[in-house]
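Please read the structure below before turning to the comments.
The values are calculated or read from the model by the stated rules, or taken from the named source; none is laboratory data. None of these values were measured; they are calculated from a predicted model. Cβ placement follows ideal geometry from the backbone for every residue including glycine, while neighbour counts extend to all protein chains displayed. When the accessible area is computed, the model is the full protein with side chains, heavy atoms only, and any ligands, DNA or RNA have been set aside. Shrake-Rupley method; radii C 1.70, N 1.55, O 1.52, S 1.80 Å.
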Amino acid sequence: MSGSIQDTFFEECEELLEATDEGLTAIEGGDHNPEVVNAIFRAVHSIKGGAGAFGLDDLVAFAHRFETVFDEVRSNRLELDEKLVQLLLRSSDHLSALVEAARDGGQIDEAHHDTLLAALDEYTPDEEEDLTFEPMGLGGPAPMMDLGDLGAAPAAPQEETYRIRFQPLKEMYGTGNEPFFLFQALRDMGDLAVTLDENELPGFDTMDMDESYLAWDLVLVTKEPRSVVEAVFEFVEGLCELSIAGDGDAEAEANALAALDAMFTAPPAAGSADGEAAAAPFEPPVPAPEPEAKPAAAEEKASAPKAESGKQEQRGGPKPTLRVELERVDRLINAVGELIINHSMLAQQIANLNVSDTRDVETELEGFKNLARDIQEGVMAIRAQPVKPLFQRMARIVREASAATGKTCKLVTEGENTEVDKTVIERLSDPLTHILRNAVDHGVEKPEDRTAAGKQTTGEIRLSASHRSGSVCIEIRDDGAGVNRPRVKQIAIEKGLIPENAELTDGEIDNLLFAPGFSTAKEISNLSGRGVGMDVVKNAVTGLGGRINISSAPGKGSTFTIILPLTLAVMDGMVVSVADQTMVVPITSIVETMRGSDDMINSLGADGTLLSIRGNFVPICDVARALGLYRESDRQAGVYLLVETETGQRCALAVDDIHDQRQVVIKSLDGVCGEIPGVAAATILGDGKIAMILDPESIIAASPTAAAFDTERRLSNAS
Amino acid sequence: MKTKVLAIDDSRTIRNLLAATLEEAGFEYHCAVDGREGVDMYPDVDPDVVITDINMPNLDGFGVIEELRGEGINSKVPILVLTTESAPELKARARGAGATGWITKPFDDASLIFALKRVTGAAA
């Protein structure tokens, strides 16, 4: 049980840390709105509160110090200057690290921890508060819980008799405290005798219904220590006249009560003043306090909006949300997928009906289709999340990387509200982290080099997200030195990735960074990765059905562009037939389609063929052959889909025919039949048949013609 | 009849902890995620006791107490403040608004139940 609550705590911490980061980023950007500061305070405060419940002392102590600084800020006792903001940012990072350490059992950097604590200390007033968080101010029932153990201790508790005089002030009745329940709690401790003292009760004619006239004399015989007896009255301190006399501890009692009096700044002054007013002669119809009370209440109301205005504003801000299990949404997405399939089946059935006039049905069917698409978009929107939290985490990555390399970089983010599928966001985290670390480590120059190059000492890394014609585009642009092409080429030659005499275009050299096993760092820095190259980044992106590209300008910087599909559940595909089988090719990878004639085909080597398109040769890759399918007839594939790979390599996929272009629902083959080379997934078509969705990249990669042509092209470039 | 508790806290962790502790101790548990929701829920839940956090968005704990004790709702039930703060002036302010008592976070189960029994007389 507590395990799952602790999981909730860490989940909540993620959200609270994001809120903290978001607020700090806003503050860094110059937004010093009190509500922003308040929101951070609350977030850190909640982390502290939760951490306390699980005994995470390091986290509590640090969050407390952090929170105290914010308390100073929100009370206008402290100004947010550049230096403080930087400290707060680092503290926020460290808070994340502490949460991570608490969750995963890792170690924290003790020296860093102490440095930050000391730095935060300089901004906070001297601590008076005791950080041990003793539950219940007066000791509470804890001693009671320990009684079993104490009984065995040398000093066994003696029965003690306490004489208690308890006279509530009228103010007590407004706080929901009920004498009866207090007596009940005392009775549970031992023998209790209660005597009501009603001597002060006036006659009915002079009684003020709001006044308190009753008092009680209690005699309690108990083994409980005095502190426990006192704890019963904890909530009514200052709201009653109370004396607790133990047998033979008059002195101790006086001391204890004096200490208690000092602890609570109860309002006896106001209380007694009211008491006098109430004791004034009774005025029958209109009680005197009434007119007085009204202006007071009105004043309170008038001042309330002022105090609340910030909150009002906030109330209009965040829209109400609903927390739903992901699984439920995914079930819905699946059902919508089936609905789309169902629609195409229905359309097919109607077409097969042989009815002369199907116009009305078609109109309705069109409506069905539009509705299905609306529902699908709506459901997709549920899974879609803004990239903002992801981008915020990246700010931390850049800060850490900057600190580790001794460079100064700032991350500028754009399009944070761009929404992307949840899974895409989750799986983008690692690639983005890697690219950003690389940008700091290899892209941005050292401050002195930047100054020498006439740039600002602080490097700028721009992370942006945008929607671009049905895709999501994520761009990471740095203003560093750009790709060191001679060096990259040399490494590629050394590692045997390209022939020594290869002549490559600038773009091709830049894209060598994505080649497996490529690492430009002279020694593997512990920052950009431990032998993990950009090829892993590329695989992660292509695994999401996306593409990644790099462009670079020497001295000006590099830009990584990641293009991702909006959703992982449906896509636009071209329905083709290959050796009497129906298949789907993703539209995004197709550049052009054409019908070929014999004079366009040239042979290459023994087995290969090239397609001549407007004077350029492109290797032909027969999909049927690539998939190991055999045509019953001698019919040649006569339709070509021109596709382009990540590296800019073009290839003509030969298929038998093109049928249709439509939206298809992606059904994963994982767990059904494992990985099939050349096949990305499957879908269900309108006629109910299953069709494979092809993966052009892997088909081309496996094609000997394409490989031969590519080598030849490189060699011819070299000569 | 179980004693009905309305807990108001913006921290999911604290809400879960309260739910576990209170339900195990035989209380009927209701919760709200901020002060505004808590006050809005109050008439429907009609609780025997309210536990409220202080630092919350949309209406803080003091606001909750003021509104519950105010003329509109005129609640007489005990209101316990659940807070990490133990500053005396904070307690005084809460009490001035009409709070019955306070529980310091992190609370241990026994203290929480002890406090609830003291203010509601719950047998739980």
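Here's a check for you: in the stretch B:70-89, which residue that is under 15 Å from residue B:48 (Cα atoms) and within 7 Å of chain A (Cβ to nearest Cβ) is most open to solvent (accessible area, probe 1.4 Å)? I'd like the intermediate steps shown before the answer.
Our first condition is that a residue be under 15 Å from residue B:48 (Cα atoms); within the stretch B:70-89, this holds for B:73-81.
Within this subset, residues satisfying the condition of being within 7 Å of chain A (Cβ to nearest Cβ) are B:76-79.
Working: B:76: 148, B:77: 27, B:78: 12, B:79: 0 Å².
Here the answer is B:76.
Just the residues that are over 30 Å from residue A:690 (Cβ atoms) and at pLDDT 85 or above, please, taken from the stretch A:560-609.
A:560, A:561, A:562
Within the stretch A:42-59, how many residues are open to solvent by less than 10 Å² (accessible area, probe 1.4 Å) and more than 7 Å from chain B (Cβ to nearest Cβ)?
5
Looking at the stretch A:454-483, which of the residues that are assigned to a loop (DSSP other than H, G, I, E, B), touching a residue at least 60 places away in the same chain (Cβ under 8 Å) and not aliphatic (A, V, I, L, M) is surrounded by the most Cβ atoms within 10 Å (Cβ to Cβ)?
A:480
Restricting to the stretch A:2-34, name every residue that is away from chain B (no Cβ under 12 Å) and part of a helix (DSSP H, G or I).
A:17, A:18, A:20, A:21, A:22, A:23, A:24, A:25, A:26, A:27, A:28, A:34
Only one of (1) farther than 30 Å from residue A:65 by Cβ; (2) modelled with pLDDT of 75 or more; (3) charged (D, E, K, R) fails for residue A:104. Which number is that?
(1)
Could you please find all residues in the stretch B:10-41 being in a helix (DSSP H, G or I), more than 10 Å from chain A (Cβ to nearest Cβ), surrounded by fewer than 20 Cβ atoms within 10 Å (Cβ to Cβ) and hydrophobic (A, V, I, L, M, F, W, C)?
Scanning the stretch B:10-41 gives a single hit, B:41.
For (1) in contact with a strand residue (DSSP E or B) (Cβ under 8 Å, 6 or more places away or on another chain); (2) part of a strand (DSSP E or B); (3) at pLDDT below 80; (4) among the aliphatic types (A, V, I, L, M), each residue gets a yes or a no:
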{"residue": "A:648", "(1), (2), (3), (4)": "no, no, yes, no"}
{"residue": "A:675", "(1), (2), (3), (4)": "no, no, yes, no"}
{"residue": "A:682", "(1), (2), (3), (4)": "yes, yes, no, yes"}
{"residue": "A:691", "(1), (2), (3), (4)": "yes, yes, no, yes"}
{"residue": "A:699", "(1), (2), (3), (4)": "yes, no, no, yes"}
{"residue": "A:714", "(1), (2), (3), (4)": "no, no, yes, no"}
{"residue": "A:717", "(1), (2), (3), (4)": "no, no, yes, no"}
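In the stretch A:419-453, which residues are more than 14 Å from residue A:394 (Cα to Cα) and in contact (Cβ under 8 Å) with a residue 60 or more places away in the chain?
Within the stretch A:419-453, A:420, A:421, A:422, A:423, A:424, A:441, A:442, A:443, A:453 qualify.
When you scan the stretch A:179-225, how many residues do you find that are in a helix (DSSP H, G or I), within 14 Å of chain B (Cβ to nearest Cβ) and either in contact (Cβ under 8 Å) with a residue 40 or more places away in the chain or over 22 Å from residue B:119 (Cβ atoms) (or both)?
3
More than 10 Å from every other protein chain (Cβ to nearest Cβ) and either assigned to a helix (DSSP H, G or I) or modelled with pLDDT under 85 (or both): does that describe residue A:37?
Working: more than 10 Å from every other protein chain (Cβ to nearest Cβ): yes; either assigned to a helix (DSSP H, G or I) or modelled with pLDDT under 85 (or both): yes.
So residue A:37 fits the description; yes.
Output the residue which, of all residues in the stretch A:116-133 that are at pLDDT below 70 and open to solvent by 70 Å² or more (accessible area, probe 1.4 Å), is nearest to the chain's Cα centre (by Cα).
The selected residue is A:132.
Could you check the stretch A:488-515 and list, in sequence order, the residues that are assigned to a helix (DSSP H, G or I) and open to solvent by 80 Å² or more (accessible area, probe 1.4 Å)?
A:490, A:494, A:506, listed by residue number.
What is the residue count in the stretch B:90-105 for residues that are within 7 Å of chain A (Cβ to nearest Cβ) and open to solvent by 30 Å² or more (accessible area, probe 1.4 Å)?
2
Go through (1) open to solvent by less than 10 Å² (accessible area, probe 1.4 Å); (2) in contact with a Gly (Cβ under 7 Å, 6 or more places away or on another chain) one by one and return the number of the condition residue B:58 breaks.
It is condition (1) that residue B:58 fails.
Hey, does the stretch B:106-120 have a residue that's facing chain A (nearest Cβ under 8 Å), assigned to a loop (DSSP other than H, G, I, E, B) and more than 30 Å from residue A:15 (Cα to Cα)?
Looking through the stretch B:106-120, none of the residues is facing chain A (nearest Cβ under 8 Å), assigned to a loop (DSSP other than H, G, I, E, B) and more than 30 Å from residue A:15 (Cα to Cα).
Find the residue count for the stretch A:409-428, including only residues that are buried (at least 17 other Cβ atoms within 10 Å of the Cβ) and of a type outside the set (Gly, Ala, Ser).
Filtering the stretch A:409-428 down to residues buried (at least 17 other Cβ atoms within 10 Å of the Cβ) leaves A:409, A:411, A:413, A:415-416, A:418-421, A:424-425, A:427-428.
If we keep only those that are of a type outside the set (Gly, Ala, Ser) too, we end up with A:409, A:411, A:413, A:416, A:418-421, A:424-425, A:427-428.
The qualifying residues number 12.
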